[in-house]
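Comments concern the structure below.
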Amino acid sequence: MNYPQGRLPVIALKKTVIFPGLTQVVRVGRERSLRALEEAQKNGFWIVAVQQKTNFDAKNVEPNDLYFTGTLCRIDSMRGTPENGFQVVLRGVARMQLSDPEIMTGTAGDYLVANSTLLEDVQDL
């Protein structure tokens with residue numbers, strides 16, 4: 001299957017990793033993550049989920065707070081409101097290598113994006 005690559009919206013996860021092949025519910029409430037979800041809706045509900053290295057209590061995540069390997073996820077469903085946050089069902093589909101993460105400014109506010117390249121799975125024989 002052809003998965004999207006290139007500049008994709010990024011959601012930062014606190015102390016959580018989503019693996020390809022697994023579905024997980026995450027709570028999203030930070031402004032940049034909410035804006036990334038909005039951008040993902042525009043590109044077919046694809047988003048890259050990346051674990052955050054530091055600053056778990058920060059209101060907004062900065063690009064240097066992220067690891068460079070994440071998971072391309074399909075947003076299966078979202079429930080909630082922007083004021084109270086969303087419960088989002090993410091389905092991990094492939095590992096991604098991230099480069100050049102940065103903050104983009106959209107019509108609704110700032111969000112994280114990164115160049116995302118598909119990583120091939122290594123099989124141990």
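The values are calculated or read from the model by the stated rules, or taken from the named source; none is laboratory data. Worth saying up front: this structure is predicted, and the values here are computed from it rather than measured. Cβ: placed from backbone, ideal geometry, glycine included. Neighbour counts: every protein chain shown. Ligands, DNA and RNA are excluded from the accessible area calculation, which covers all protein heavy atoms including side chains. Shrake-Rupley method; radii C 1.70, N 1.55, O 1.52, S 1.80 Å.
Brief remarks on what is shown
- Residue 25 falls short on exactly one of the conditions (1) open to solvent by 60 Å² or more (accessible area, probe 1.4 Å); (2) over 14 Å from the mean Cα position of the chain (by Cα); (3) of a type outside the set (Asp, Glu); (4) at pLDDT 90 or above, and that condition is (2).
- Matching residues in the range 80-117 - criterion: being at negative phi and not in a strand (DSSP E or B): 82, 83, 84, 106, 107, 108
- Here 56, 45 are screened, and the one residue that is over 13 Å from residue 26 (Cβ atoms), modelled with pLDDT of 95 or more and open to solvent by 30 Å² or more (accessible area, probe 1.4 Å) is 45.
- Members of the range 59-76 found to be assigned to a strand (DSSP E or B), crowded, with 16+ Cβ neighbours inside 10 Å and in contact (Cβ under 8 Å) with a residue 40 or more places away in the chain, listed by number: 66, 70, 71, 72, 73
- Some residue of the range 103-125 being under 18 Å from residue 19 (Cα atoms), open to solvent by 50 Å² or more (accessible area, probe 1.4 Å) and touching a helix residue (DSSP H, G or I) at 6+ places or on another chain (Cβ under 9 Å): no
Table: residues versus (1) in a helix (DSSP H, G or I); (2) charged (D, E, K, R); (3) in contact with a Ser or Thr (Cβ under 6 Å, 6 or more places away or on another chain).
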| residue | (1), (2), (3) |
| --- | --- |
| 32 | yes, yes, no |
| 41 | yes, no, no |
| 56 | no, no, no |
| 78 | no, no, no |
